[in-house]
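What follows is a short report on a single structure.
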Amino acid sequence: MSDIAIRAGDDTRRLVQVKRRQDLIFGVVGILVLFVVMGLLMTLVADLLIDGLGRISPEFLTSFPSRRAAAAGVLSAWVGTTLVMLVTAAIAIPLGVGAGLYLEEYASKNLLSDIIEVNVSNLAGVPSIIYGLLALGFFVYALDMGQTILVGGLVLSLLILPIVIVATREAVRAIPSGLRESAYGIGANRWQVMWSYILPSARPGILTGAIVGLSRAIGETAPIITIGALTYIAFLPPAPVTSTPPWINFEWLNSPFTVMPIQMFNWTSRPQAEFHVNAAATGVLLLCMTLMMNGFAIYLRYRLRRTVRT
Amino acid sequence: MNEALHIASPAVTTPTPLSPEATIRARVSNLDFWYSKFQALHSVSMPIHNNKVTAIIGPSGCGKSTLLRCFNRIHDLYPGARYEGAIELMPDGLNLVSRSVDPILVRLMVGMVFQKPNPFPKSIFENVASGLYVRGLRNRSEVEGRVEKALKQAAIWDEVQDRLKKPAYELSGGQQQRLCIARALAPEPKLLLLDEPTSALDPIATAKIESLIADLAHDVTVVIVTHNMGQAARISDQTAFMHMGKLIEFGETEQIFTNPTVDQTRDYITGRFG
Ligand SMILES: Nc1ncnc2c1ncn2[C@@H]1O[C@H](COP(=O)(O)OP(=O)(O)OP(=O)(O)O)[C@@H](O)[C@H]1O
Ligand SMILES: [Mg+2]
């Protein structure tokens, strides 16, 4: 009796030791991989910072591009990026969230919805230049909309729509079935269930998806170049607010524009080294813009988590 | 609520005239249920007595939850669910599982509490009021009155009355479950369904809920699924014993537990089953 107990004890101990060793090996491998990845990333960022940080000044942010590297700035580029991102967010988030909610909560599950599901996921992997070509053919030529901020926002929203849709569906799917069942159980109809119970619980996940999408859009160059956005813009779009009624002005949507990645691309292709410094500085600013966007999302998520907890 | 019932009632059958103290609240007749291909209920027939507690017992997987969830059509949320037969809600004889009856109408009349406490991620007050809001009730003082009444019925008012604005997830498991009972009671349902409401709770919380269910039966008709023989014996008036999707025996709780007529029932309640 006691003999067996002791032997069982030995076995257990050996088992624990094996598990410990496995944990250790996995931990070491994990840390090594992490170092390699982080090291690469850090080198890239550090290189950019060393090259560009010194060039960033108030004048750099408030000047238009110029033929003289020392006088050139990114004013039109960062304003363009900001406006294009606003349009992208305003189009992609409502459309993507709506489509995701519809597919998950309303659409009946059949062959058609399966086909749509597979295709939405595939769209997320289509090279961005394809979207650019589509926009060039459709928005710019067929609809004759020109190379405007609106078209830039449209093409980027098409690009990130699949990301937002997939994120929304996953956030909705992660909601425990008990919450759905009890929401329907109190007699709520689909709209009430979705609006009052599903959407609030899915919001943090949806937000993450939206920011991942926007972070991708902010750095995209290919589709914007494809639609023919200009690389040299020495003016700002009309202000969205005016001093006379109706105080709000949508003319800026139809204005030509450039964006940070294009400005960067343009400067890196110049032979002079001074322009390469400008490009690095633009890269640093673009990184900052992305980080700011992510920071805002983290803040929003934190606020939501405090009010909504499942 | 009653008007809604009359308007939506497609086929009004004459209810069986019964003495007031023995009225039938609902009648299950020849109910079959399929999860897609799998038939989970086979021709179940039983009455649900008005303002009484009906317990459904039976071994795991026998179809207790399946039967209970037919009463508020929660199966309709999943594709492939199919009902055959009837659950008639008296006195109008509205068939709750008929395809022509809107499941939302059914859920407006039948409240349900699930096994795992699942309060909404909202405040305590909003949780109980949610069923009222869904029914279009907006009058602040009426909502407040109904919430208070429901919380008192669910025996949790004393514990939450000074923190109604706090999030519901700050409550303990047992309190959350009573909150869910209050949430189901607030719209004054004709039937209250409870699916193993105490299986996730400790003995003290269980005792509280058991005594509250016994009190509830003065106002509401309760159908409860339970694994706990003692619980069924303590709180129910009628008991149904199920096995493999069939109703084996139905009767007064006392008779089922002291003098079952079917051997299978006897084996189960004496613990000699399977
Ligand atoms: N969603 C489903 N799809 C297919 N079959 C199901 C589904 N849910 C339950 N079943 C089957 O239906 C039968 C009855 O299940 P049910 O959940 O009603 O049992 P139960 O009596 O409530 O058991 P328990 O006491 O374990 O909760 C079981 O055989 C189960 O496998
Ligand atoms: Mg069950």
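No lab work stands behind these numbers, since they all come straight from the coordinates. Predicted, not measured: the structure shown is a model, and the values here were computed from it. Here Cβ is always computed from backbone atoms with ideal geometry, including for glycine, and neighbour counts include all displayed protein chains.
A viscosity of 0.890 mPa s and a temperature of 25 °C, combined with the Kirkwood radius over Cα pairs in Stokes-Einstein, give a translational diffusion coefficient for chain A of 107 µm²/s. Neighbouring Cβ atoms from other chains, within 10 Å of the Cβ of residues in A:175-181, number 4 on average.
Rounded to the nearest 10 degrees, the inclination of helix A:149-173 to the longest alpha-carbon principal axis of chain A is 10 degrees. Other protein chain C-beta atoms within 10 Å of residue C-beta, averaged over B:118-130: 4. Selection among A:137, A:56, A:196 by position relative to the dipole of chain A gives A:196 as farthest towards the positive end (Cβ unit charges, Cα centre). Within 10 Å of the Cβ of each residue in A:187-193, the mean number of Cβ atoms contributed by other protein chains is 5.
P(r) tail, the stretch B:120-165: Cα-Cα pairs separated by more than 13 Å, 53% of all pairs. Which one of A:249, A:119, A:110 has the biggest mean-square fluctuation once chain A is modelled by GNM with Cα springs under 10 Å? Result: A:110 has the largest fluctuation of those listed. For the protein assembly as shown, a Kirkwood radius taken over Cα pairs fed into Stokes-Einstein (37 °C, viscosity 0.692 mPa s) yields D = 113 µm²/s. Rounded if a/c is under 1.5, else prolate if a/b beats b/c, else oblate: with a ≥ b ≥ c from the C-alpha gyration tensor eigenvalues square-rooted, which is the stretch B:86-203? Oblate. On the principal axes of its alpha-carbon atoms, chain B has extents of 52, 44, 41 Å, going from largest to smallest.
Note on the stretch B:122-259: Kirkwood hydrodynamic radius from all Cα pairs is 16.0 Å, rounded to one decimal. Once the gyration tensor of the Cα atoms in the stretch A:54-102 is diagonalised, the equivalent ellipsoid follows with semi-axes of 36, 9, 7 Å, ordered largest first. Dividing the helix sum by the residues of the protein assembly as shown, where each DSSP H run of 4 or more adds -39500 (n - 2.57), gives a mean residue ellipticity at 222 nm of -16500 deg cm²/dmol. Counting only DSSP beta bridges whose two residues both lie in the protein assembly as shown, roughly 60 percent are antiparallel.
About its Cα centre, the dipole of the stretch A:78-226 is roughly 240 debye, where the only charges are +1 on Lys and Arg Cβ and -1 on Asp and Glu Cβ.
Bridges between two residues of chain B, per DSSP, are antiparallel at a rate of about 60%.
Magnitude of the charge dipole for the stretch B:78-146, about its Cα centre and with charges confined to Cβ atoms of Lys, Arg (+1) and Asp, Glu (-1), is about 280 debye.
For the stretch B:21-77, the Cα-based Rg and Dmax, in that order, read 12.2, 41 Å.
Largest GNM mean-square fluctuation among A:300, A:15, A:49, using chain A with Cα springs under 10 Å: A:15. Only Cα sites of the stretch A:208-293 enter the Debye sum here, all with the same form factor; the resulting log10 I(q)/I(0) across q = 0.12, 0.23 1/Å is -0.48, -1.16, listed in q order. Let me know the shape class of the stretch A:1-152, please: from the alpha-carbon gyration tensor, a ≥ b ≥ c as square roots of the eigenvalues, rounded when a/c is under 1.5, otherwise prolate if a/b is greater than b/c, or oblate. The shape class here is oblate.
Shape of the stretch B:53-92 from the C-alpha gyration tensor: oblate (a/c of 1.5 or more and a/b not above b/c, with a ≥ b ≥ c the square roots of its eigenvalues). The alpha-carbon positions of the stretch A:186-230 define a convex hull whose volume is 92 Å³ per residue.
Along the axis of the charge dipole computed for the protein assembly as shown (Cβ charges of +1 for Lys and Arg, -1 for Asp and Glu, origin at the Cα centre), the listed residues A:279, B:171, B:250 are led at the positive end by A:279. Remark on the stretch A:116-240: hydrodynamic radius 16.8 angstrom, per the Kirkwood mean of 1/r across alpha carbon pairs. Its Cα centre serving as origin, the stretch B:161-221 has a Cβ charge dipole (Lys and Arg +1, Asp and Glu -1) of approximately 280 debye.
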